[in-house]
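Visitor: Please read through the structure below; I'll follow up with questions.
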Ligand SMILES: Nc1ncnc2c1ncn2[C@@H]1O[C@H](COP(=O)(O)OP(=O)(O)OP(=O)(O)O)[C@@H](O)[C@H]1O
């Protein structure tokens, strides 16, 4: 299977804090990588490093063989990265279609094509029938789906999902798991930071566990969550 995302020796330092220390990963096309670890482990920082939002102290990143290490976030979008943000902030006065259009224009300059693309992704996340409503009225589950639609509107080859499942009620969680599974089935490569273990177990092909900026173990989801080192990292030594 071809490598979709390959990162070697990623290191990020904030002042005296090494938030991510020499982390490497290799994600095969069409697979889902789950990134877990206790609060402060460095997951979001790694995510931001991969997508270009924080500078690297060391390391290299390749997307489908293209070196993107020194590209700015918008250039990584053009190279094929899409991402969601932990705190979704839609333009509340704009309609759902307009919100997704803002993202679609990053990849598709012609308005008619961008609109088609935006409607298509709204359809994919089950929001097409609300496309002309303002984002202001959306509940949490629909805001998340809108966030997913925005990330999909840049037509990514590798999609980064940052805690998409947090706070969802059981039906909405099931629905979101279904959307993500469907995307991977369509050969999209997915990297997800997630605290909800149900989602990690159901979706991940491979799991990386971080603590204190390091990878402490990796492997199949059911194996890693039973690893004593992982349990200790989450619960502490006592
Ligand atoms: N902009 C920043 N400036 C300084 N330190 C930071 C910055 N961002 C993160 N850190 C520090 O880097 C470390 C890793 O934080 P990070 O947010 O990446 O962890 P996380 O695993 O995503 O945690 P959570 O699960 O709570 O989101 C922490 O010690 C944090 O305080």
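Throughout, read-outs are computed from the coordinates displayed, never taken from laboratory work. This structure is a prediction, so every number in the text was calculated from the model and none was measured. A quick note on method: Cβ atoms are made from the backbone with ideal geometry, for glycine too, and the neighbour counts reach across all protein chains shown.
Visitor: By counting other Cβ atoms within 10 Å of each Cβ, how are 189, 51, 69 ranked from fewest to most?
Guide: Values: 189 25, 51 20, 69 16.
So the residues, fewest neighbours to most, are 69, 51, 189.
Visitor: With the contact rule set at Cα under 8 Å and sequence spacing of 6 or more, what percent relative contact order holds for the chain?
Guide: Details: 474 pairs, mean separation 63.3, N = 238.
Once divided by the residue count of the chain, the mean separation gives 27 percent.
Visitor: Order of 132, 67 from fewest to most other C-beta atoms within 10 Å? Mind showing how you got there, number by number?
Guide: Details: 132 9, 67 12.
In increasing order of surrounding Cβ atoms, one gets 132, 67.
Visitor: Continuing with the same structure: Using a ≥ b ≥ c from the Cα gyration tensor of the range 89-155 (square roots of the eigenvalues), is it rounded, prolate or oblate, where a/c under 1.5 gives rounded and otherwise the larger of a/b and b/c decides, a/b for prolate? If you can, show how the numbers build up before the last one.
Guide: Details: a/c = 1.73, a/b = 1.58, b/c = 1.09.
Note, shape of the range 89-155 comes out prolate.
Visitor: While we're here: Can you compute the helix-only [θ] at 222 nm over the chain? Use -39500 (n - 2.57) per DSSP H run of at least 4 residues, normalise by all residues, nearest 500 deg cm²/dmol.
Guide: Taking each H run of at least 4 residues, the total per residue is -11000 deg cm²/dmol.
Visitor: Alpha carbon centre of the range 69-117 versus the range 134-195: separation in Å?
Guide: 14 Å
Visitor: Right, something else. Give me the distance between the Cα centres of the range 204-224 and the range 1-40, rounded to whole Å.
Guide: So the separation of the two Cα centres works out to 11 Å.
Visitor: Among rounded, prolate and oblate, which fits the chain when a ≥ b ≥ c are the square roots of the eigenvalues of its C-alpha gyration tensor, a/c under 1.5 means rounded, and a/b larger than b/c means prolate? If you can, show how the numbers build up before the last one.
Guide: Working: a/c = 1.84, a/b = 1.41, b/c = 1.30.
Prolate shape, in that a/c is at least 1.5 and a/b is the bigger ratio.
Visitor: Subtracting the Cα-Cα distance from 0.36 nm times the residue separation, let me have the gained length for residue 62 to residue 205 in nm, one decimal. Mind showing how you got there, number by number?
Guide: Details: separation 143, 0.36 × 143 = 51.48 nm, distance 2.01 nm.
Between residue 62 and residue 205, full extension yields an extra 49.5 nm.
Visitor: Any idea how far apart residue 95 and residue 141 come out in nm if each label point goes 7 Å out from Cα toward Cβ?
Guide: 2.4 nm
Visitor: Starting from the Cα-Cα distance between residue 181 and residue 39, subtract it from 0.36 nm times their residue separation and give me the gain in nm to one decimal.
Guide: Numbers: separation 142, 0.36 × 142 = 51.12 nm, distance 2.56 nm.
Gain on extension, residue 181 to residue 39, equals 48.6 nm.
Visitor: Here is a further query. How large, in Å, is the range 1-94 by the Kirkwood hydrodynamic radius built from its alpha-carbon pairs? The partial results should precede the final answer.
Guide: Details: mean 1/r = 0.0704 Å⁻¹.
Kirkwood radius, the range 1-94: 14.2 Å.
Visitor: Once both labels are modelled 7 Å past Cα along the beta-carbon direction, what's the residue 128-residue 22 spacing in nm?
Guide: 5.1 nm
Visitor: Turning to a different aspect of this structure: In what order do 47, 53 fall by count of nearby beta-carbon atoms within 10 Å, going from fewest to most? All intermediate terms of the calculation are to be shown ahead of the outcome.
Guide: Numbers: 47 23, 53 15.
Starting with the residue having the fewest Cβ neighbours, the order is 53, 47.
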